[in-house]
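J.: Structure incoming, see below.
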Amino acid sequence: MIQHHLLLCATPAKALCSPDPAVGVESWNTLKRLVRDWGLEDPSRADGIVLRSKADCLRICAEGPVLLIWPEGIVYGGVSAERIERILREHVIGGAPIEEWIVKRMPFQSSKA
């Protein structure tokens with residue numbers, strides 16, 4: 001079971017949202033490390049695994065790096081390495097989004113046959 005999928009637009013080919021690529025690289029490295037170190041990608045995790053993917057563009061060309069959290073469709077802006085730990089702890093693990101860092105909500109809708 002997948003609990004969350006984290007899509008981080010941190011090192012885009014065209015740096016429209018985050019002009020300093022070093023910030024994005026540091027954010028991505030921190031996200032990878034914490035997901036691994038905290039056991040969030042462990043298949044036996046009771047709450048389900050947390051996947052993480054690097055995205056080239058999430059079409060939110062401001063306040064980058066940006067992080068989209070599926071399935072809620074919540075997008076955080078200004079996702080520096082320092083913010084990642086709090087987002088993981090409070091939102092991903094604790095279930096409480098950090099309202100002041102949310103730049104957009106893109107709720108996913110199920111397709112009806």
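J.: Report the residue, chosen from P71, P43, P97, that carries the largest GNM mean-square fluctuation when the chain is represented by alpha-carbon nodes joined by springs under 10 Å.
T.: Comparing P71, P43, P97 in the GNM, the peak value goes to P43.
J.: Extension gain M1-F108, at 0.36 nm per residue separation less the Cα-Cα distance, in nm? Spell out each step's value before the answer.
T.: Values: separation 107, 0.36 × 107 = 38.52 nm, distance 1.78 nm.
Gain on stretching M1 to F108: 36.7 nm.
J.: Picking from A55, W101, S80, whose Cα lies most toward the positive end of the charge dipole for region 42-107 (charges on Cβ: Lys, Arg +1; Asp, Glu -1)?
T.: A55
J.: With +1 on each Lys and Arg Cβ and -1 on each Asp and Glu Cβ, how big is the dipole of region 15-113 about its Cα centre, in debye rounded to the nearest 20?
T.: On the way: 13 positive and 14 negative charges, 66 e Å.
Value, rounded to 20: 320 debye.
J.: Can you tell me the dipole magnitude for region 62-113 around its Cα centre, using point charges on the Cβ only (Lys, Arg +1; Asp, Glu -1), in Debye to the nearest 20? The partial results should precede the final answer.
T.: Values: 6 positive and 7 negative charges, 50 e Å.
Dipole size: approximately 240 debye.
J.: Continuing with this model, one more query. Using the Cα centre as the reference, give the magnitude of the dipole from point charges on the C-beta atoms of region 23-73 (Lys, Arg: +1; Asp, Glu: -1; all else neutral), rounded to the nearest 20 debye.
T.: Working: 7 positive and 8 negative charges, 28 e Å.
In total the dipole reaches around 140 debye.
J.: OK, next. Given the Cα-Cα distance of A96 and D47 and 0.36 nm per residue of separation, how much length would full extension add, in nm?
T.: 16.1 nm
J.: Kindly provide log₁₀ I(q)/I(0) values, in the same order as q = 0.16, 0.17, 0.22, 0.24 Å⁻¹, from the Debye equation applied to equal alpha-carbon scatterers of the chain.
T.: Here the Debye-derived log intensity ratios amount to -0.68, -0.77, -1.23, -1.41.
J.: Report, by chain and number, residues whose modeled amide H sits under 5 Å from the one on R52, excluding near sequence neighbours (fewer than 5 apart, same chain).
T.: Here the answer is L6, since their amide H atoms fall under 5 Å of that of R52.
J.: Only bridges with both residues in the chain count here: give the DSSP antiparallel percent, nearest 5. Don't jump to the answer; show the numbers that get you there.
T.: Details: 11 of 18 bridges.
If I count the DSSP bridges inside the chain, around 60 percent turn out antiparallel.
J.: Still on this structure, please answer the following. Leaving out ligands and nucleic acids, and using a 1.4 Å probe, what accessible area per residue does the chain come to in Å²?
T.: On the way: 6420 Å² over 113 residues.
Accessible area per residue: 57 Å².
J.: Which of W38, W70, W101 ends up with the largest GNM mean-square fluctuation for the chain, with Cα atoms connected below 10 Å?
T.: Most flexible of the set in this elastic network: W38.
J.: Only Cα pairs within less than 10 Å get springs; with that Gaussian network setup on the chain, which residue of V79, V66, V35 has the largest fluctuation?
T.: V35
J.: Can you work out the Karplus-derived ³J(HN,Hα) for every residue in region 34-42? Use 6.51 cos²θ - 1.76 cosθ + 1.60 with θ = phi - 60°, whole Hz, and x for glycine or proline.
T.: Each residue's phi maps through the Karplus curve to give 5, 4, 6, 5, 8, x, 6, 9, 6 Hz.
The values are calculated or read from the model by the stated rules, or taken from the named source; none is laboratory data. The model shown is predicted, which means the values in this text are computed figures rather than measured ones. A quick note on method: Cβ atoms are made from the backbone with ideal geometry, for glycine too, and the neighbour counts reach across all protein chains shown. Just the protein is used for accessible areas: all its heavy atoms, side chains included, with ligands, DNA and RNA removed. Shrake-Rupley method; radii C 1.70, N 1.55, O 1.52, S 1.80 Å.
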